[in-house]
Amino acid sequence: MKNEAKWSVLAGLGLALSTQPALAASEADPVAIPAPPAGKGQIVFYRTGTIMGAAMGCSVNENGTRISSLGAGRYFILVTEPGRHEYTVKSEAKDMLALEVEPDETQYAMCRIKMGFMAGRPDLRPSTEAEFVKSGTDRLVDADDMGPGPGALRPDEVELALSGAAGAAIKDDAPIADKPADAEEGAPAA
Amino acid sequence: MRKDVLVCLGVGVLAPLPCLAEEALPVPPSAPAASGCQHAIPALTPIVIETLIDLGSAVSQSLDTFPIRLAEPIVVDGREVLPAGSAGEGEVVHAKKAGGSGTPGELVLAARWLEACGTRLRLRSMHVALAGQGAVGTVNAINAGAALAPVPIGLVGFAIRGRNVLYPAGTRATAKIAVRFKPPAPVPETEDLLPTSNPDAAVYEG
């Protein structure tokens, strides 16, 4: 009898961990991500709402400066300059992810807390819009958890961007633009 | 053979046409070749490229470069403006091997440029950011179970590795032309008349 109870608890915990995304969120509308400002790119950092490591934050840093902290089931949008960027997360071990930010495009990165010796270790990895939607992550990081590094959009800035900048992004199926001007033509061969 | 020559001479008398073999006839100038780089390529034109070497989270290093090739011709307004085959280069933006605790391998690639028409056409938007199949969830489930187990089976999680990402040679991906390509202006015909081999003529100012 005692053994049965023990296995029931184990099975319950296993089930709770394996069904990682919040079930309620799967029926909700997908989170609206605003288009980045013209000429800028953006990355949506998110963390699924699993039980494991829920008490830990996943602080995303660039060049040693904290951009924002991700709690379980939270996301934030980082607007930044196009080019290669390196982001780090750290607890008892450090993990780094480099991404190529493209102008007028949105990319996704996911943080998970994995097993560690004394504490969970955050792991940052590339992701996709489909994975973000599937994860059911729908809560924006609170404004006081953002910064001091620049770029993370505060909740009011997200609302503003959603209301005013809709359609600013260049979608993949958009008509071909004949910009920028001639001054930016291909560089001569080396 | 002799009969052919006689017929040829006869026809030559009657008509002012040279009687020569067909191979010697001047070939009319053909239409401009599609590969002539004579047409502009708008920015954000989608292209299909393929990688020419094996890439992967376990075999590549961040900031490595790798050769690419234009896999399909670039077509603008129904006209082929650049044939397939142009060589170029891409860069491994990020590569990380799979690790313990179920951590998957990661690979982020970017297309940099294509060599064509004497210039390097800058590329963007390759959109290859991959993570292998991870086992972090499995490891976490084992750990949760281990909390109630009499033996420290949770340590097994450190030995469970995620899977690496492999991006084999020949894999195709889409990218875009980053900036508008404008074909070089044609050389004026008058420039062809300038003497190029006579040094005296080159300095003549009279």
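Points to keep in mind about this one:
- The residues of the range B:100-131 that are assigned to a loop (DSSP other than H, G, I, E, B) and surrounded by fewer than 19 Cβ atoms within 10 Å (Cβ to Cβ), listed by number, are B:GLY100, B:GLY118.
- Strands (runs of 3 or more DSSP E) wholly inside the range A:55-99 that include at least 3 residues being of a type in the set (S, T, N, Q) and open to solvent by 10 Å² or more (accessible area, probe 1.4 Å): none
- Against the conditions (1) assigned to a loop (DSSP other than H, G, I, E, B); (2) of a type outside the set (A, V, I, L, M, F, W, C); (3) more than 24 Å from A:ASN63 (Cβ to Cβ); (4) open to solvent by 30 Å² or more (accessible area, probe 1.4 Å), A:ASP156 satisfies every one except (1).
- Going through (1) surrounded by fewer than 16 Cβ atoms within 10 Å (Cβ to Cβ); (2) farther than 26 Å from A:GLU129 by Cβ; (3) modelled with pLDDT of 70 or more one by one, B:ILE160 falls short only on (1).
The values are calculated or read from the model by the stated rules, or taken from the named source; none is laboratory data. Just so you know, these numbers come straight off a predicted model, no measurement behind them. Counting neighbours? That spans all protein chains shown, and the Cβs are built from the backbone with ideal geometry, glycine included. Protein only, heavy atoms only, side chains kept; ligands, DNA and RNA dropped before computing areas. Shrake-Rupley method; radii C 1.70, N 1.55, O 1.52, S 1.80 Å.
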